[in-house]
Amino acid sequence: QASAIFASRSGASSFAASPRARSATRKAAMSAAQTEQVQVMDGSMGRLIFDMGVPRDTALWSARALVDEQYHSVVVEAHAQYIRAGSKMITTNNYGVQPQYYRKAFGDEWEKHARTSTATAVRLAREARTQCGAEGSVRILGCLPPICESHRPDLTAKMMETDGREFCVNFYRMTVEELIAGGVDALIAETMNNWTEVELVLEAVGQRMPLIVSMEGALRSDDMTPMPAQRAPEVAKQVLAAVAAGSKIEALGFNCASPEHILAALVALKDAGLTEELRKAGVQLATYANINDNQELYDTGFDLEKFAEKVKDRRKDLVGSGHLVWCNRFMAAGATYCGGCCGTVPDQIRELAESLKSSEKA
């Protein structure tokens, strides 16, 4: 079963070049998703706003566009491009609003600035939705970022030890309050390093709002070893237990990892019978892969400054329609929420949305 879904990285570009192959994969994906409507998510915000003129700030990253008012219109336009491309869910641009970045930039006043930036992120997303006349068709997801750093379970553990668990929960409580007050439709915990980090989010959110829990798709160990096939079933069981206990988790996601790692996680869930268990519990599967060519950086320990130096590098097999090829594989493996992460652009989201429309007509 896994071999029928999985395709090698080396074969992806030739598969992408064949319209007949793409059509066959679309049909397989829609069959796997049964009659459920696949929801199109958005793509990378950081990459897009940098291409649109926001400076690459190695302290605040994409949050620079929230702190500096002259770039607010850029954030609005970036959200609007994804809506016009066909996204039915857009995520607020506060991924970089977290303690490590904001303490470095603002010192003792970091929390005040974090609150303001989070509120601003919601306001700009709502403004984009209004401009597009999409209030009734597009959901705004309020971002709950990693507590310390992406792809770094070791730093997450260190922060919890140094600052204390209550500090971490309080950060998420503050973020949740601002997101809900601003008017988001649901929350999304993105690129979670491990279940311990998810537990911080669950405590902060409670039962106040629907929540998508999206794990860093490689599901790394503390020594950075990718373990998607081994750990995905464990995470799914933890999600099921949390739902049974009352958490409003609407989807389990895998993001910001190579498509190979994300597909390995999905296949592991399907082989263990957990895809169906999640579906019966009302939990969707969400995927949005990272298409940058930075695997070595992630495997050796993600560092924002080093990442900024390589941010222009995309995997050649994932540019253009290469992204759609993998989205089709994700849907064939059970994903019903699908979009893009680092490196993706509105044109790729448009191709995904148009592909789904064509499948519906067929």
Report task. Among the candidates Arg9, Arg20, single out the residue that is farther than 19 Å from Ala289 by Cα and either open to solvent by 30 Å² or more (accessible area, probe 1.4 Å) or at pLDDT below 95 (or both). Result -> Arg20
Report task. Please tell me if Gly246 is more than 16 Å from Leu285 (Cα to Cα) and not in a helix (DSSP H, G or I). Result -> yes
Query raised in the report: Considering only segment 60-95, how many residues are of a type outside the set (A, V, I, L, M) and modelled with pLDDT under 95?
Result: 2
Query - Residue in segment 188-208 that is surrounded by the fewest Cβ atoms within 10 Å (Cβ to Cβ), counting only those that are within 17 Å of the chain's Cα centre (by Cα) and of a type in the set (D, E, K, R) - result: Glu190
**Report entry** Subset of segment 36-84 [assigned to a loop (DSSP other than H, G, I, E, B), hydrophobic (A, V, I, L, M, F, W, C) and open to solvent by less than 40 Å² (accessible area, probe 1.4 Å)]
**Finding:** Val38, Met41, Met45, Val54, Ala59, Leu60
Query raised in the report: Which of the residues spanning segment 330-345 are in contact with a helix residue (DSSP H, G or I) (Cβ under 7 Å, 6 or more places away or on another chain) and either on the phi > 0 side of the Ramachandran plot or open to solvent by 10 Å² or more (accessible area, probe 1.4 Å) (or both)?
Result: Ala332, Gly334, Cys342, Gly343, Val345
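The values are calculated or read from the model by the stated rules, or taken from the named source; none is laboratory data. It should be emphasised that the depicted structure is a prediction, and the values quoted were computed from it without experimental measurement. So basically every Cβ, Gly included, is an ideal-geometry build from the backbone, and we count neighbours across all protein chains shown. With ligands, DNA and RNA removed, areas are computed over all heavy atoms of the protein, side chains included. Shrake-Rupley method; radii C 1.70, N 1.55, O 1.52, S 1.80 Å.
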